[in-house]
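The structure appears right after this line, and notes come after that.
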Amino acid sequence: MINAGSSGNSRFFLLLMSVMVMLVPLFVLSFFARPAADDFMWAASHRDTSFWDMQKDYYLNWQGRYFSTPLLSVLAYLSVSSAGYHWHAIVLMILTAGSFYFFVTSFLRKISTAGTSLSIRLLISLVLFLLYTYSLPSVAQAYYWLSGAVTYQVPVVAMVILGGLLIGDRPVRNQVLHGTGMLFLVFIIAGSNELSAILLLLFMPMAGKRYRWLQVSIVVLVAMAIFSPGSWKRSESMGDKDITKVLASIFYWSINLVLGIIREPLYWTSLLVSYISGCLFGTRKPLPPKIYNAVPFGAVVILLLPLVSLAPILWGSNGSIPPRMLNVLVMPMIFVSLCGAYFYGSRFHGVGIKEEMWKHLPSFFWWIIAVMPLASVQVPRIYENLLQGYVYGKVFSDREKNFSEAAAKGSTIQFVPYDSAAKQVLAQHPFIDLVLFREKVERLPDIIAWYDDYEPRDRQGFIKLYYKRKSEGSDPVN
């Protein structure tokens, strides 16, 4: 049984504290999140259009996201004007960490020779959650912005759970419920966005002969999303395909994604810990030599994954994608590399290592994972964002109040630049308005906000669309 033990209480506590240092601010920042851009568009469309007419129009004329589109329109309508907008971020972070726990538990039961305590599995899952979160190209669009979270983070959670179900080897009590659950997860993944639909095809070998029906379902549901009339029309609206631009975008975004992961010290720490875990605990059955020899080539697979999966997306969009779409690729790249490190380490399980060295390896193992999370490049940013987030939340809450009042009166909405609005908030809080903080606080908190959508002209239209009809009979807002 792997556990901290009485002698490891101090190391366990240090690890817990280092995880909390990085974890707690993520949840605190949720309370400063405010609706932006597409949130207003989805809310206005749901309010002003029949639900089924809206879904039909999007599927036939814009995109084949038959799961995320209806879910997003309803959630945006319910949360944009409410004080509970932040709850989607909290729920999604909990679901993401919970899905990692489920996968870790299934993996260890399937592979490892050693049992693990609940506390160890929880901590491994939390470290994985932090590694994943701080490696994302856009944390704001993964959790805090509703439109990005529903479209791209929900299918990530579904993929992790589906992976845990497929590798699990425990007896299934209710086959119908088990199969229905997997089918629903496939429906979520395929119907959320085009990239997750493509990645879903990688689950077909995992399904194997046991789940032939699931393989057929994957093909059908992926085809419904990728080859929908709306997807084709949207691709055609991008104009003639520029092969040079597409190829440049494929390599640019792939390299950008890989660099975003490997720059994170927590990634290298996790690789080391996975390797040591493989050495310590091995596998239930020795893997064939060809499997061990192929593990180093996993690095090639990790590099090829974004190239291959992004190619059809970038071709269809003529080389243009939002950074939030890359979030979907981070999870499989991290999981593949960590599993590969574990398997490669298991090759040396008990081979050529003296018993005395084995005795001290767990201690080394614990100190590494306890200290290294604090070396994350994101730690300074997240605490800077706490102060910026407070100002950001105040600015946007005041704006939404003013917009609602203007819409009710039929008067003109004023789009005040963010830095000017931030100065007004700072003037009300002298303890923040110091030379030391002023320059930083006047900037947008980049972890929870990805742009100030009140300034760009193309985004102001969404705000006007939402507020100008909020009160019946009011004049259009200028």
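Derivation of every value follows stated rules applied to the coordinates shown; laboratory data play no part. None of the values given here were measured: they were computed from a predicted structure. No Cβ is skipped: glycine too gets one built from the backbone with ideal geometry, and neighbour counts run over all protein chains shown.
Tabulated data
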{"item": "Simple label model, 7 Å out from Cα along Cβ direction - W213 to D53, nm", "result": "3.9 nm"}
{"item": "Mean Cα-pair separation over length for the range 6-377, i.e. relative contact order, pairs under 8 Å, 6 or more apart, %", "result": "24 percent"}
{"item": "Cross-link pairs K241/K468; K56/K241; K245/K468; K394/K464; K233/K468; K423/K464 - those with Cα-Cα distance over 32 Å", "result": "K241/K468; K245/K468"}
